[in-house]
1. Need pairs with beta-carbon distance below 7 Å; first residue free of Cβ contacts under 8 Å to residues at least 60 places away in the same chain and within region 47-69, second among the basic types (Lys, Arg); sequence gap 6+ or separate chains.
2. With the condition being modelled with pLDDT of 75 or more, I'd like the helices (runs of 4 or more DSSP H) fully within region 358-443 carrying at least 2 qualifying residues.
3. Go over the candidates Val228, Val158, Val206, Val164 one by one and state the one that is over 21 Å from Ala121 (Cβ atoms) and touching a strand residue (DSSP E or B) at 6+ places or on another chain (Cβ under 7 Å).
4. Pairs, please: C-beta under 7 Å, at least 6 apart or cross-chain, first residue under 15 Å from Gly146 (Cα atoms) and of a type in the set (D, E, K, R) and in region 78-96, second surrounded by 15 or more Cβ atoms within 10 Å (Cβ to Cβ) and modelled with pLDDT under 85?
5. Here are the criteria: (1) surrounded by fewer than 12 Cβ atoms within 10 Å (Cβ to Cβ); (2) within 27 Å of Asp103 (Cα to Cα); (3) at pLDDT 90 or above. Tell me which single one Gly224 does not satisfy.
6. Specify the residue that is surrounded by the most Cβ atoms within 10 Å (Cβ to Cβ); the eligible residues are those in region 146-160 that are in contact with a Leu (Cβ under 8 Å, 6 or more places away or on another chain) and in contact (Cβ under 8 Å) with a residue 60 or more places away in the chain.
7. Can you pull out the helices (runs of 4 or more DSSP H) entirely within region 10-74 that have at least 3 residues that are out of contact with any strand residue (DSSP E or B) (no Cβ under 6 Å at 6 or more places or on another chain), under 22 Å from Gln156 (Cβ atoms) and hydrophobic (A, V, I, L, M, F, W, C)?
8. Hey, could you check region 241-255 for residues that are aliphatic (A, V, I, L, M) and part of a helix (DSSP H, G or I) and say which is nearest to the chain's Cα centre (by Cα)?
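The values are calculated or read from the model by the stated rules, or taken from the named source; none is laboratory data. Source: prediction; values computed, not measured. Backbone-built Cβ (ideal geometry, glycine too); neighbour counts: all protein chains shown.
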Amino acid sequence: MPTNKIPINPIIQSKLPKWDRVEALLEQDEDRIKANFCIKLPNEQQKTYEKRKEDYPKTFINITQDLVSSPVNAIFGQGIKEDYGRENGMLYKFSENCTLTNDRIPFARFLRDFVGVSLRAYGNVFTVIDKPRYAATSKQDERENGMPYLCNIRPQDVLNWQMVDGKLYWFAYKRQYSPNWLNPLYDDPPDTKTVECIWTVNDFFVREKNGAIINDLSYSHNFGFIPVIIQGSFLTKANDLLGNAAMDQTSNMIITFNNLLNVGVHELYKHGGSLLLLPEDSITGTNMDINATGDSKLKKQDGDGVLTYTGDRAPEYLVKDLQVDKFMEWAKFYCDCAIENEKDLKSVIKKGTGNTVVEQSGISKIVDREPIEYNLISLAEDIEQYADKVFFYFSQLSGETSEPIFEFDKDFDMRSFEQKMNEIKLASSNGMQKMTETGYKELWINTVGDITRDLKTQEVITKEMEASTIDDTDELINGMIEQQKGKFEEK
């Protein structure tokens with residue numbers, strides 16, 4: 001019985017703290033956020049810290065999900081060219097539902113919701129493409145019962161691998177395994193345990209911590225390759241498997257900004273009574289009340305929380321000492337830094353043409369000048385590469401040859417619809433349509449993507465614009481701007 005324990009790859013080990021941090025933010029895990037992210041202040045008493053930490057999740061503003069999903073939604077909203085071959089083909093059926101879950105998950109949705117998000121959050125995505133252990137009797141039977149499917153591996157569960165001549169020789173990761181609970185009326189639920197999953201070129205092994213192989217879960221697949229798809233973003237070297245993500249650093253900025261925010265809010269709560277100062281002379285019989293026990297109470301005020309003072313001016317020492325506005329200013333600074341880091345990617349290695357690391361050359365200047373556009377193009381290319389890998393392995397597993405296509409429209413236009421329409425208005429006032437009708441119509445065609453995201457409808461609108469004489473009065477342009485504003489507000 002093999003008992004050797006597979007060590008965690010050193011690169012994976014170094015990334016675990018970052019991945020755990022990002023995961024807690026992505027999942028809004030309040031217990032982990034409270035336990036790990038609330039920083040104890042210098043000279044802060046432990047009792048005070050524990051109380052503040054208990055309230056920490058209540059003041060936590062989490063922008064992680066928006067920062068991760070926004071660029072993914074942007075490239076998918078721009079337009080996709082998809083072709084999975086004939087409708088009765090296996091790949092076409094796979095594209096309609098590519099997992100074994102109860103939810104019907106089309107391939108494009110899987111790329112958007114799981115692959116794109118994982119690349120932005122962790123800089124990596126690991127996916128097993130497998131097929132059921134089922135001996136199909138025909139292609140139709142295989143389409144119904146033996147289709148390949150995708151299953152993502154949590155990045156923190158990856159253990160190790162071995163590359164030989166550029167090809168995976170084996171790949172290992174952890175899984176939480178629980179036997180089927182077949183009789184809930186009489187049996188207790190079975191214990192969940194951590195197991196090792198090991199893919200080799202021809203076999204799949206599942207074993208327990210003590211090295212004992214679980215025979216019921218292990219089998220020979222005889223694929224002749226490791227069915228694990230690995231995609232990294234912002235690779236430092238061409239041969240690297242693991243990539244990088246701006247969220248590694250952005251997550252720290254989010255945590256810092258929330259600590260500053262928490263301290264400011266906590267101090268306001270703690271010294272809220274200072275905002276209810278009343279001059280001593282103002283407490284008279286006309287604004288006092290006597291309760292049933294004979295104790296006096298201030299009318300319309302919390303009698304136990306109001307501080308009084310003498311003199312003409314209210315004391316300012318509490319507000320001066322707290323300096324809450326400074327905490328808020330620094331909190332906003334770190335929040336802005338987090339957003340900017342996700343836009344300009346300053347904390348990760350940049351890629352140029354052909355995925356090579358960008359040096360200080362002409363391309364780097366373009367990247368610096370157009371960080372948002374570069375950001376989106378890079379993500380689109382990574383997802384396209386992932387899709388190509390899926391198509392390759394799917395062909396190997398199914399024996400079906402085809403030439404599938406999954407491509408993004410990478411002509412990203414970062415201008416708002418209102419900005420485009422105002423440019424048309426300016427061009428019209430300068431008589432551009434008289435000098436170049438084609439160039440003028442191109443300005444209008446650039447607005448089609450803002451009107452609708454449906455590709456077929458875009459084609460129809462484009463043809464209509466090309467064939468029409470556009471009456472570009474101010475009333476028409478202003479009306480279209482207001483219409484688009486209304487669509488945005490409805491969303």
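1. So the pair list comes out as Tyr49/Lys40; Lys53/Lys34; Pro57/Lys34.
2. 371-398, 417-429, 432-435
3. Numbers: Val228 fails: over 21 Å from Ala121 (Cβ atoms); Val158 fails: over 21 Å from Ala121 (Cβ atoms); Val164 fails: touching a strand residue (DSSP E or B) at 6+ places or on another chain (Cβ under 7 Å).
None of the other options fit; the residue is Val206.
4. Every condition considered, the pairs that remain are Lys93/Arg143.
5. Here Gly224 meets the rest and fails (2).
6. First, pick out the residues of region 146-160 that are in contact with a Leu (Cβ under 8 Å, 6 or more places away or on another chain): 148-149, 151, 156.
So of that shortlist, the ones also in contact (Cβ under 8 Å) with a residue 60 or more places away in the chain come out as 148, 156.
Working: Pro148: 21, Gln156: 16.
So, considering only residues that are in contact with a Leu (Cβ under 8 Å, 6 or more places away or on another chain) and in contact (Cβ under 8 Å) with a residue 60 or more places away in the chain, the one surrounded by the most Cβ atoms within 10 Å (Cβ to Cβ) is Pro148.
7. Values: elements: 10-26, 30-37, 46-59.
Filter on region 10-74 gives 10-26, 30-37.
8. Of the residues in region 241-255, the ones aliphatic (A, V, I, L, M) are 241-242, 245-247, 253-255.
Filter once more, so that each one left must be part of a helix (DSSP H, G or I): 247, 253-255.
Details: Met247: 9, Met253: 16, Ile254: 14, Ile255: 16 Å.
Only one residue tops the list, namely Met247.
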